[in-house]
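Presented below is the structure to which this report refers.
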Amino acid sequence: MNDKAKHFWASAAITIVVLIIFAVIPHAYMWGYDKAIALFCGVIAGVAKELVWDKWWGRGVPEFNDFLFSLWGAFAAMFAWAIVETIVLAIL
């Protein structure tokens, strides 16, 4: 798998996992804040990987494009979740 694809899917997975955690917690619907927090977690994971792991610890090469793919993965996952959530709520 391409390095950029790994960044995209890892960030998307982190965002989805956080959204699932908020979905299974009773009474945790926070009027959209759950999506913002999940998006924040996905983006921060990408930033932390590039800054901490690659730059500060020197275990990789920090690239801005890697961060962009992490950002896009988090946004794509959050928007996919919002679309599915809207469809499910419209059916119910």
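Run through the range 1-87 and list the trypsin sites (Lys or Arg not before Pro) located in a DSSP loop whose Cβ has at most 10 other Cβ atoms within 10 Å.
Loop-located and lightly packed - ARG59.
Against the longest alpha carbon principal axis of the chain, how many degrees, from 0 to 90 and to the nearest 10, is the axis of helix 3-24 turned?
Long axis of 3-24 versus the principal axis of the chain: about 30 degrees.
Averaging the inverse of every distinct alpha carbon separation and then flipping it gives the Kirkwood radius. What is it for the chain, in angstrom units?
About 13.8 Å, per the Kirkwood formula over Cα pairs.
Have a look at ASP34, ASP54, ASP66 and tell me which one the Gaussian network model of the chain (Cα, springs below 10 Å) gives the largest fluctuation.
Ranking ASP34, ASP54, ASP66 by mean-square fluctuation puts ASP54 first.
Please give the helix 64-91 orientation as an angle from the longest Cα principal axis of the chain, in degrees from 0 to 90, rounded to the nearest 10.
The angle comes out near 10 degrees.
Project the alpha carbons of the range 34-87 onto their principal axes and report the range along each, largest first, in whole Å.
The Cα atoms of the range 34-87 stretch 44, 18, 11 Å along their principal axes.
Tell me which chymotrypsin sites (Phe, Trp or Tyr not before Pro) from the range 30-92 have a DSSP coil assignment and no more than 12 other beta carbons within 10 Å of their own.
On the way: sites: TRP31, TYR33, PHE40, TRP53, TRP56, TRP57, PHE64, PHE67, PHE69, TRP72, PHE75, PHE79, TRP81; in loops: TRP31, TRP57.
Those satisfying the criteria are TRP31, TRP57.
Spelling out what I want: for every residue of the range 48-56, take phi, set θ = phi - 60°, compute 6.51 cos²θ - 1.76 cosθ + 1.60 (Karplus), and round to whole Hz; glycine and proline get x.
5, 5, 6, 7, 6, 5, 7, 8, 6
Fewest first, what order do THR15, THR86 take by the number of other Cβ atoms within 10 Å?
So the ranking, lowest neighbour count to highest, is THR86, THR15.
Take the chain, connect every pair of alpha-carbon atoms lying under 10 Å apart with a spring to form a Gaussian network, then pick out the residue of ILE37, ILE25, ILE16 with the largest mean-square fluctuation.
Result: ILE25 has the largest fluctuation of those listed.
No value in this document is a laboratory result; all are computed from the given coordinates. The shown structure was predicted, so the numbers you read here are calculated from the model rather than taken from an experiment. In this analysis, Cβ positions are derived from the backbone assuming ideal geometry, glycine residues included, and neighbour counts consider all displayed protein chains.
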